[in-house]
Structure formats: structure tokens, C-alpha cells
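Participant: This is the structure I want to talk about, given as C-alpha cells.
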């Protein structure tokens, strides 16, 4: 379906009422291929959008926005200890996680209630509570925006890193993800040692996929605002990673600073804690603000513009750098000029 001069308000969780010259939606992979092969109806530049849960628009989009509505879950292969499952890019991520838990398939339970769609999960390499989606992805199926050809990317092809992938770098905007394949285990190994997850489990002696999912949901709901009620894009900044030598100096002057060793031997810091120490939690400038329970989340109280939210993020970055000497990197993608 092709629509002209359309509001993007329902396509971004900040609830920003900017418009795009053209919006094209499709419900099948074949439809996406056909649209991109013809290319006649596409007005450049093209921008691929899912649920918009990781975007900050700062103005109208002068071009074409492509939005996938491809759904469906298919068990592609069954093995003794695992299954290969595919999910359509337009499926809501948490609905897919819920399905996996109901089917007693492990690997995604720690990623419960993360906003967005399946197609965005490999782009961002979403993660939470010690798990990243790359741990379960087998391959990614996509259509070339340039010529409509179909291609499959192996896990290695995706070049996953912390909140990063090839789709955010060399191939940004060049491929439209249509389907993601996951390797889920029938004999799950639970990961409970990150943050307060184990403490949240009501009955630690009776741990299963469902109880872990419920614990994650309880933690997220207690700390993070529901985008349906308070407009936000989740964690606005990445947790910074520093060297072991850097953390020594920081710990000397800030002994309470949370720090976690990452798989590469570096140290991951809590961006929310750093922002909180700079006094930003709960602050509001006009209708742009910082959530009162989680300083990592910026919110739109109703009528903030994208530029106002961006300016708030820049003020936060500056204060963290002045106090700790650490440069925060935005996890949210800014779309438009400032």
C-alpha cells in the first residue's frame, strides 16, 4: 500500500507528529521484492522503519518510508536439542518471545518486553540481562533495496557487536530484512547472574522459562515507562565500555560506580547511573524530560519536538563528560537535521 503525505506519529514511540512524503507498507516478502524491483513509485531517499522504538525524528522525512508488516512463525527444522525457527520481520518482538516461552524453547526469555519488531532485532543486536539476540540468530533474510534481489546473511555475515551489526554500518539502508531465523534450545541454560534478575524470581527453587520471563517483565515495568502511556524510545544511550586501566581511576573517586566485565575483558559501565549522578533523573525542560525512575530513558511529556529531545540528550552527554570524562553514545538513531 502506498500513502502520500502521511504522519509518522504512530510509527515512532516518541509520538512525534512529523510527516513523510510517502509511506509504503507490505505484508509479504514477495510484495516487498516486487515493490523494490520496480522502484518506479519510490521517492528517494528511502528509509526503513519498524515500530520506530529506537528512532528520534527531528523533522519531516523528505522521501519514502518503507514499513514491513510481514508476520508469521515457522518451525523450519527440529533436532534433538534445538529447533530452527523463522519469524517475519513485521512481527512484534515480545509476541515472538512469548511464543517461544509458551513452546518451551529457550534463548529469548531474558529479552522479554523489549519494544520493537523482529526485523529490528539483528540490526540493533538487542540485548538485556546478560543476553544478546546474536546468541540465538542463525541467519537473516533480506531484500536488496537497490534491485529487489533476495539474499541471506549468516550469523558471521552480520558482524554482530554490542548494540551493533553490519546493518547499522556498511549495509545501513541497503537491505530490507524480511525474515529472521533463530536457533532455540529445547534444553535451556538459564542466565540469571545479571543485575537483579535472580532476586526478582519469586521462587528461586522453581526456575523455568516462564518464571524468568515474568521476572524480566516485572523488572522492566518497574523501571521503564510503557511507550503506550509515556512516549519514549527505551534506553537512549548505550552503556559505555572502558578499559580495565580506566576503571581503576574512576573507582578511586567513585567507589560505588557499577561496573561489569564484558566478554572481551573490558569493563561495561551503567550509563543510567552516570546520568543519575549528574542530577538528571526526573528533570524536565519544557516537554522533554528524563524518566524519574530510570535516567537512561528520555521521554516526551506530550508536545516536545524532536530537536528539543535531541538538545536534552546533548546536555546530558556534556555533563557526563565533564564529571567523569566519559563520552556517552546514543543508542537511539537520530533521523533528520539538527
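The values are calculated or read from the model by the stated rules, or taken from the named source; none is laboratory data. This one's a predicted model, so the numbers in the text were calculated from it and none came from an experiment. Quick reminder, even Gly has a Cβ in these numbers, built from the backbone with ideal geometry, and neighbours come from all protein chains shown.
Participant: Checking the condition under 26 Å from residue 52 (Cα atoms), out of contact with any helix residue (DSSP H, G or I) (no Cβ under 8 Å at 6 or more places or on another chain) and modelled with pLDDT of 90 or more, which residue from 159, 141, 221, 213 passes?
Facilitator: Details: 159 fails: out of contact with any helix residue (DSSP H, G or I) (no Cβ under 8 Å at 6 or more places or on another chain); 141 fails: out of contact with any helix residue (DSSP H, G or I) (no Cβ under 8 Å at 6 or more places or on another chain); 213 fails: out of contact with any helix residue (DSSP H, G or I) (no Cβ under 8 Å at 6 or more places or on another chain).
Matching residue, one of 159, 141, 221, 213: 221.
Participant: Applying the selection to segment 229-250, what residues are in a strand (DSSP E or B) and touching a helix residue (DSSP H, G or I) at 6+ places or on another chain (Cβ under 8 Å)?
Facilitator: 235, 237, 242
Participant: If a residue must be surrounded by 19 or more Cβ atoms within 10 Å (Cβ to Cβ) and either closer than 17 Å to residue 175 by Cβ or in contact (Cβ under 8 Å) with a residue 24 or more places away in the chain (or both), how many such residues does segment 88-100 contain?
Facilitator: Counting residues in segment 88-100 that are surrounded by 19 or more Cβ atoms within 10 Å (Cβ to Cβ) and either closer than 17 Å to residue 175 by Cβ or in contact (Cβ under 8 Å) with a residue 24 or more places away in the chain (or both) gives 7.
Participant: So, one more: Do you know which of the residues in segment 52-66 that are in contact with a helix residue (DSSP H, G or I) (Cβ under 9 Å, 6 or more places away or on another chain) and buried (at least 20 other Cβ atoms within 10 Å of the Cβ) is farthest from residue 288 (Cα to Cα)?
Facilitator: If we filter segment 52-66 for residues that are in contact with a helix residue (DSSP H, G or I) (Cβ under 9 Å, 6 or more places away or on another chain), which is where we start, we get 52-59, 65-66.
Checking the rest, the ones that are also buried (at least 20 other Cβ atoms within 10 Å of the Cβ) come to 52-57, 65-66.
Numbers: 52: 18, 53: 17, 54: 16, 55: 15, 56: 12, 57: 14, 65: 26, 66: 28 Å.
Among them, the one singled out is 66.
Participant: Let me ask something else about it. Looking at 236, 182, can you tell me which residue is in the same structural domain as residue 114 (by TED's automatic domain parsing), buried (at least 18 other Cβ atoms within 10 Å of the Cβ) and touching a residue at least 24 places away in the same chain (Cβ under 8 Å)? Spell out the reasoning first.
Facilitator: Numbers: 236 fails: in the same structural domain as residue 114 (by TED's automatic domain parsing).
Residue meeting the stated conditions: 182.
Participant: Take segment 68-87 and flag every residue that is surrounded by 22 or more Cβ atoms within 10 Å (Cβ to Cβ) and touching a strand residue (DSSP E or B) at 6+ places or on another chain (Cβ under 6 Å). Write out each step before concluding.
Facilitator: From segment 68-87, those surrounded by 22 or more Cβ atoms within 10 Å (Cβ to Cβ) are 68, 70, 85, 87; that's our starting set.
Matches in segment 68-87: 70, 85, 87.
Participant: Kindly establish whether residue 47 is more than 18 Å from residue 176 (Cβ to Cβ) and touching a residue at least 24 places away in the same chain (Cβ under 8 Å).
Facilitator: no
A quick yes/no check of all residues on (1) modelled with pLDDT under 95; (2) in the same structural domain as residue 83 (by TED's automatic domain parsing); (3) touching a strand residue (DSSP E or B) at 6+ places or on another chain (Cβ under 8 Å):
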| position | (1), (2), (3) |
| --- | --- |
| 18 | no, no, yes |
| 24 | yes, no, yes |
| 29 | no, no, yes |
| 38 | yes, no, no |
| 43 | yes, no, yes |
| 54 | yes, no, yes |
| 61 | no, no, yes |
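Participant: Something else about it: So which residues in segment 277-287 are touching a residue at least 12 places away in the same chain (Cβ under 8 Å), surrounded by 15 or more Cβ atoms within 10 Å (Cβ to Cβ) and touching a strand residue (DSSP E or B) at 6+ places or on another chain (Cβ under 9 Å), if there are any at all?
Facilitator: The answer is 280, 281, 287.
Participant: Also, quick follow-up: Consider residue 104 against the criteria (1) assigned to a loop (DSSP other than H, G, I, E, B); (2) out of contact with any strand residue (DSSP E or B) (no Cβ under 8 Å at 6 or more places or on another chain); (3) touching a residue at least 24 places away in the same chain (Cβ under 8 Å); (4) within 28 Å of residue 329 (Cβ to Cβ): it satisfies all of them except one. Which criterion is unmet?
Facilitator: The failed condition is (4).
Participant: Would you say residue 274 is touching a helix residue (DSSP H, G or I) at 6+ places or on another chain (Cβ under 6 Å), in a loop (DSSP other than H, G, I, E, B) and surrounded by 14 or more Cβ atoms within 10 Å (Cβ to Cβ)? Outline the logic, then answer.
Facilitator: Numbers: touching a helix residue (DSSP H, G or I) at 6+ places or on another chain (Cβ under 6 Å): yes; in a loop (DSSP other than H, G, I, E, B): no; surrounded by 14 or more Cβ atoms within 10 Å (Cβ to Cβ): yes.
No, not satisfied.
Participant: Suppose the filter is within 23 Å of residue 331 (Cβ to Cβ) and either modelled with pLDDT under 90 or under 20 Å from the mean Cα position of the chain (by Cα) (or both); does residue 258 pass it? Spell out how you get there, then give the answer.
Facilitator: Values: within 23 Å of residue 331 (Cβ to Cβ): yes; either modelled with pLDDT under 90 or under 20 Å from the mean Cα position of the chain (by Cα) (or both): no.
No; evaluated as a whole, the condition is false for this residue.
Participant: At pLDDT below 95 and at positive phi: which single residue out of 116, 127 fits that description?
Facilitator: Details: 127 fails: at positive phi.
Step by step, each of 116, 127 is checked, and only 116 is at pLDDT below 95 and at positive phi.
Participant: Here is a further query. Just give me the residues in segment 89-118 being within 17 Å of residue 167 (Cα to Cα) and touching a helix residue (DSSP H, G or I) at 6+ places or on another chain (Cβ under 9 Å), in sequence order.
Facilitator: Applying the first criterion (within 17 Å of residue 167 (Cα to Cα)) to segment 89-118 yields 89-90, 116-118.
If the condition is that a residue be within 17 Å of residue 167 (Cα to Cα) and touching a helix residue (DSSP H, G or I) at 6+ places or on another chain (Cβ under 9 Å), then 89, 116, 117, 118 are the ones that fit.
Participant: Only residues that are outside any helix (DSSP H, G or I) and over 18 Å from residue 231 (Cα atoms): list them for segment 281-330, please. Lay out the reasoning, then the answer.
Facilitator: Looking only at segment 281-330, we keep the residues that are outside any helix (DSSP H, G or I), and these are 281-305, 325-330.
Matches in segment 281-330: 325, 326, 327, 328, 329.
Participant: Across segment 11-62, what is the number of residues that are more than 30 Å from residue 224 (Cα to Cα) and part of a loop (DSSP other than H, G, I, E, B)?
Facilitator: Residues that pass the stated criteria total 9.
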